[in-house]
Amino acid sequence: MLLETKSIVSTYRPLVWLSIVGIVWLVIQLDAFSVFFGSIIGIFWLEFYIVKRILLNLKVERFLEKDRVFIDQELRISYTIESDSLNYLIVEFRPSFYGNTVLSKFSTKKLKLVGGKKIKVDFDVSFATRGLKDVSGCVFFYVDPLGLFKHWVKYERRKEILVLPNVMDIEEFPARLRELLPGSLSDFKLLEDSTRIRGMREYNLEPLNKIHWKMSAKMGKLYIKEFDYTARANIKLYVDLNLSKEIHAKNVWSQIRKFYQEDVIRLACALVYHSHLKGNTIDLTIIGNEILRMKNSTDWVRSIELLALAQGSDNGPQLNEIVKKDLEKLTPSSTLVIFSMFLTHSILPTFVEAKAKCSRVLVILMPYGFRDPRYKPTKDYSLYPEDMEKLRERALLLEDEQVIVRIIRANQSFQEVLGEIERS
């Protein structure tokens, strides 16, 4: 991709002061020395404009290996630079990334520009945060050997990289297998899976396509294949990134929300990927600055791209309002899953209404993050809001009705909490 000249900034104050000294000298005393000094200054000004012209007329091309990467995944950005000038020039060169957290071993490189010769420069970079990253620009920096002037020339063509959140592994998720389609083994005798043979028994008026002909010929009687029963889950996932209106100390929780936002997106990505591997369907709704939705997508990457772009707000739409509007979309085969930072018992009636229309309501609250499963647990001295504890206690009365509320403690991993739900 060929880049275009965006801007040039030059500083030449030392050269200006030197020129003033030369002019004053010529005015006061016109002799061979003052004329020679003035000629030298003229050469410096000529060099100033020649260098400026060279830097403005470079041919700069950019090449990217990919336009989708994960957090901390290394990306190679290559540039080819060609000068049409007969003069050679030594400049410093670096990409220009706006407001991004970028890790690079060599952020600036010295180049010797020679007319008609292409130079290739590679930069290995990685991004520490998710979202769209602007990699449009690059900058050439030239400093005069005597320090009389400097040039900064910027080349640019619009280009963005989407940085995806890392996907965390989870072993199991307590979604109810109620949809009549092949997926995982089910306790409910809903649908037989012809890929899983449990055993054989004598024929008794079953369909002919279930007969095991080889075994029947060997035994002298008709035998049929017994299949395992199977089903898959239909998950309605709501990821709440916004600050609740019912929360107190909003300034404090506003800062906590920024860290929560990254943690909850990691969990959502893990669930989306896990559902894909298990053959389950998932409807994703992200409640942030705007409502983002992905319905029944078979491409888990598209859902993770949507999560990578999502941003929460301190004054955005509220979870309770969105879930109430979507109640009619729930079906008896659905498992409603909600990730949020802070909820109070005032939302319990909405959960009860939702349970009347679906098979299970599962609410995960995560005010202070969770423990990375790679590390051992530590003692947790965190105090949790009283309103949130009241919600959890009152929801215990509804667990037999499959309305389950759990708070992830800072020293708990996500899988530990899921294990508690499975055992309850």
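The values are calculated or read from the model by the stated rules, or taken from the named source; none is laboratory data. Please read these numbers as outputs of a predicted model, since none were measured by experiment. Here the Cβ is made from the backbone with ideal geometry for all residues, glycine too, and neighbour counts use every protein chain on show.
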| message | exposed (fewer than 14 other Cβ atoms within 10 Å of the Cβ) and over 23 Å from LEU162 (Cβ atoms): is that true of ASP122 in this structure? | response | no
| task | Report, ordered by the first and then the second residue, all pairs with beta carbons closer than 7 Å, sequence separation of six or more or different chains, a first member in the range 50-62 that is within 14 Å of PHE149 (Cβ to Cβ), and a second member that is surrounded by 16 or more Cβ atoms within 10 Å (Cβ to Cβ) and β-branched (Val, Ile, Thr). | result | LEU55/VAL153
| task | Within the range 124-142, track down each residue that is part of a strand (DSSP E or B) and either touching a residue at least 60 places away in the same chain (Cβ under 8 Å) or not charged (D, E, K, R) (or both). | result | VAL125, SER126, PHE127, GLY131, LEU132, GLY137, CYS138, VAL139, PHE140, PHE141, TYR142
| With respect to LYS117, is the statement that it is over 27 Å from LEU307 (Cβ atoms), surrounded by 13 or more Cβ atoms within 10 Å (Cβ to Cβ) and at pLDDT below 90 true? | no
| Within the range 125-158, tally of residues that are basic (Lys, Arg) and within 13 Å of THR11 (Cα to Cα) | 1
| query | Has the range 49-72 got at least one residue that is in a helix (DSSP H, G or I), loosely packed, with under 13 Cβ neighbours inside 10 Å and not assigned by TED's automatic domain parsing to the domain that holds ILE304? | reply | yes
| said: Are there strands (runs of 3 or more DSSP E) fully within the range 208-288 with at least 3 residues that are more than 28 Å from LEU362 (Cβ to Cβ)? List them. | reply: 223-232
